[in-house]
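Throughout, read-outs are computed from the coordinates displayed, never taken from laboratory work. Predicted model, so just to flag it, every value in this text is computed and none were measured. Cβ: placed from backbone, ideal geometry, glycine included. Neighbour counts: every protein chain shown.
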Amino acid sequence: MEKVIGWIGTGVMGAPMAGHLLQAGYSLRVFTRNPEKASALLAQGASWCDSPAKAAEGADVVGVMVGFPEDVEQVFLGEEGILSTVRPGALLIDFTTSSPALARRVAEAAEAKGACALDAPVSGGDVGARNASLSIMVGGDATGFKEALPLLECLGKTRVHQGPPGSGQHTKMVNQIIIASTMISLCEALLYARRSGLDPELVLQSISSGAAASWGLSNLVPRMLRQDYAPGFFVEHFVKDMGIALAESRAMGLHLPGLELAEQLYRNLVELGHAKSGTQALILALEAMNAG
């Protein structure tokens, strides 16, 4: 019999990820705080649940893609959370970018219920979610990872088991640290191209396949040029991620000045009213610094 999947979170990334599982033939139960965001999935055959607990009740697998660590804690450990109804033997997969310490807490609580919890944050943004080309970084039990692979193959092209609980989240922090400084350089390069009188579109043709090539250069700079700041990944979520990375770094005795600068620039962007914009809106904060 095909696995029954409970799914919590149908935002910019959660909705297309859940859609891939439906298309693969899995039976899907959905809960999200805003039911309207689940309407397309319900039209495709998913069933609605009134709480994470209801979505998890009797499910073989529960997938979670929410926004903040406090959401993860509530969804898993709250009064109407997943672990209040999860059956022994169930597999729980948290795709949210959250804290390594919380991932370990959830894994321990799941183990006490006879279930297995994996922390499996993803990278690739809205494009990767829609195209099922995400990179999935997994922490948790190795047997649980093997069990999860058929589902993960529906969602991403790269699926790597990084180690024990929390390892997936630590790996995602490495990813976000790289992106943080990269985003600054992309914006600075675009400002330089404009100020020097170059045509940015022509510049992209030259540098996109050279040593400066990157995912951000190919996917986010064109959005900046179109002044398209719609979220593929929310600024407020990136600020959250950088905060987690900085806290973990300080706990390990690391000083990461590039990450500190990026976090401050993104906090400036939030103050400009762009918490709900995509991360490519950072160009607006740097333009403001260079105005006049």
Expressed in angstrom and rounded, the centroid-to-centroid distance over alpha carbons for the stretch 178-256 and the stretch 46-65 is 36
Output the relative contact order of the stretch 170-289, whole-number percent, from Cα pairs under 8 angstrom with separation of 6+ residues. 36
How much of the DSSP beta bridge set in the stretch 59-195 is antiparallel, as a percent to the nearest 5? 20
Taking θ as phi - 60°, what are the ³J(HN,Hα) couplings along the stretch 16-29 by the Karplus curve (6.51, -1.76, 1.60), each to the nearest whole Hz, with x for Gly and Pro? x, 4, 4, x, 4, 5, 4, 5, 7, x, 6, 7, 10, 10
Work out the charge dipole of the chain with +1 on the Cβ of Lys and Arg and -1 on the Cβ of Asp and Glu about the Cα centre, then indicate which of Asn34, Ala247, Gly125 is farthest towards its positive end. Gly125
Quick one: Thr96, Thr85, Thr143, Thr182, fewest Cβ neighbours within 10 Å first, how do they rank? Thr143, Thr182, Thr85, Thr96
With a ≥ b ≥ c from the Cα gyration tensor eigenvalues, square-rooted, and the rule rounded for a/c under 1.5, otherwise prolate when a/b > b/c and oblate otherwise, the stretch 4-164 is rounded
Would you mind checking which residues have amide H under 5 Å from Trp7's amide H? H placed 1.01 Å from N; only 5 or more apart, or other chain. Arg29, Val30, Phe31, Gly63
Quick one: dipole size for the chain, taken about the Cα centre, charges +1 on Lys/Arg Cβ and -1 on Asp/Glu Cβ, in debye to the nearest 20. 380
Once normalised by the length of the chain, the mean sequence separation of its alpha carbon contacts under 8 Å that are 6 or more apart gives a contact order in percent of 13
Candidate lysines for bridging to Lys157, where Cα separation is under 27 Å - those fewer than 8 sequence places away on the same chain excluded: Lys3, Lys37, Lys146, Lys172, Lys240
Just check the stretch 227-292 against the gyration tensor rule for me: Cα atoms, a ≥ b ≥ c as the square roots of the eigenvalues, rounded for a/c under 1.5, and otherwise prolate or oblate depending on whether a/b exceeds b/c. oblate
Checking the a/c ratio against 1.5 first, then a/b against b/c, what shape does the Cα gyration tensor give for the stretch 1-93? oblate
Which of Leu91, Leu284 comes first, and how do the rest follow, when ranked by fewest Cβ neighbours within 10 Å? Leu284, Leu91
Where does the chain land at 222 nm, in deg cm²/dmol rounded to the nearest 500, when only DSSP H runs of n ≥ 4 count, each adding -39500 (n - 2.57), divided by all residues? -15000 deg cm²/dmol
